[in-house]
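Values in this text are rule-based calculations from the coordinates and carry no lab data. All figures in this text were calculated on a predicted structure; none of them were measured in a lab. Virtual Cβ from ideal backbone geometry, glycine too; neighbours counted across all protein chains shown.
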Amino acid sequence: MESANIDHVTSEKNQTQPKWQGQACADLAGPKADQIWPFVEDFFGLKRWFPTLTACTGVEGVLGQPGCIRYCAGFNNAPFDRAIGQAKTSTLYWAKEKLLSIDAVAKTLSYTIIDSNIRFNSYVATGRVVPKEEGCCIMWRYEVEPVNGWKHEDLDQWFESALQVMARSMEKALLGQAH
């Protein structure tokens, strides 16, 4: 997996506070983009790919249509725990996320957090499944206002590790379908 920090972009709300941006990419050697995309586009199905999530359900709108909203919740999320000064907590972290756009041809979607207890402001993420000669790459980019008590590096590391977990879970699901 490779990742890159992207230069800070100035927040439109506050010209003195730069936004954090980051990107992660998980390469899959076997699965094709057309096989992985259905997993990514299932906006209400995120729980299938992340073992720390206890819930991911649609709470508003039609699955796959811009404007639909999902509720995701889970425990034991290291950067969130570090941000509040504990090694491991029993805190339930949750977010309501709104699908902003989805394009099945380009295999891309964007969403934003509209409410949460993780203190993300102006958070927008874009996921993309990119075809490669031998498999595909799942790319995730994010932008968020700096989070008080956090380090940008911690968020980058969380994205890198979460994307790897997601990619390997999807790869495993495809192998299970083949047998």
Suppose each label sits 7 Å from its Cα in the direction of the beta carbon; what would the LYS96-LYS172 distance come out to in nanometres? 3.2 nm
What are the radius of gyration and Dmax of the stretch 131-179, computed over its Cα atoms and given in Å? 14.8, 47
The stretch 115-179: GluC sites (Glu not before Pro) in DSSP loop, at most 15 other beta carbons within 10 Å: GLU133, GLU134
Would you mind putting 31-38, 99-106, 63-70 in packing order, based on average other-beta-carbon counts within 10 Å, highest first? 31-38, 63-70, 99-106
